[in-house]
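Note sheet for the following structure.
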Amino acid sequence: MALRPDPDVLGGPLPPGRHRLARDVVVASQRARLVAAMTDAMAERGYGETTVADVVAGAGVSRRTFYEHFSSRLECFLVAYDAGTEVLIRAIAAAVSRRQGWRARLRGGIDAYLGTLASSPGFARMFVLEIVAVGDTGIERRRRVHRRFVGLYRELNATARAEEPSVRIVTDEELSLVVAGTEQIVAEHLYRRDPAEVATLAPTVESVVSSLLLSPLTP
């Protein structure tokens, strides 16, 4: 599953000149193309080197069209980040909902998270590396997403405790370490330009989380 809007939602580039497409269809297509182009640019250049010219060239629209949709390069980036994040979280939720038992749910969620990032190098770079490059706004966005992932793990912790009394209550600080630590090892692979290997991290992450849930908390 690639985390980017499909730039061919209308079956290809919009026809030049007059056409019979409804205005809302045209607007939706243009916006999707711009967001997809921003996501793709992340895979090659990163935020610092990506320009509005790169985005409009990738989307096949004019600079004027870009500014009809977005006030700035940053706004386009954040819309792409938010859209991809929602798709990622839905993928995790869907994978978890199809499985029975907390261990299978844990495995499914981690596989969905890492597998989806591995298949989406542009979004993976945006999600893990480039979001902090946009400054305080990006860092706050990242903090919000981390809190959402902590919430997902919190739900898993509750499910596990209901199924097995030996599972302990894990603190939010511990879960934050899991979220941030997982992101860091993903970042290492992205720095090395081998995003496909991200999916292979699943057994390691699963082992760490399982040990956290099952190990007694020592003073």
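The ranking of HIS189, HIS146 from fewest to most other beta carbons within 10 Å of each one's beta carbon is HIS146, HIS189. Per the Cα gyration tensor, the chain maps to an equivalent ellipsoid with semi-axes of 37, 18, 14 Å, ordered largest to smallest.
Calculated [222 nm] ellipticity per residue, helices only, for the chain: -22500 deg cm²/dmol; basis is -39500 (n - 2.57) per DSSP H run with n ≥ 4, divided by all residues, nearest 500. Volume per residue for region 147-211 equals 85 cubic angstrom (convex hull of Cα atoms). Per-residue Cβ neighbour counts within 10 Å put LEU201, LEU175, LEU214 in the sequence LEU214, LEU201, LEU175, beginning with the fewest.
Considering only PHE149, PHE77, PHE127, the Gaussian network model of the chain with Cα springs below 10 Å gives its largest mean-square fluctuation to PHE149. Each Cα pair under 8 Å and six or more residues apart adds its separation to the average, and for the chain the resulting relative contact order is 21 percent. The ranking of LEU177, LEU117, LEU213 from fewest to most other beta carbons within 10 Å of each one's beta carbon is LEU177, LEU213, LEU117. The distance linking region 105-184 with region 52-72 is 32 Å (Cα centroid to Cα centroid, whole angstrom).
FYI, it's all coordinate maths here, none of it is from the lab. Predicted model only: the values in this text are computed from it and were never measured. Neighbour counts run over all protein chains shown; Cβ positions are idealised from the backbone, glycine included.
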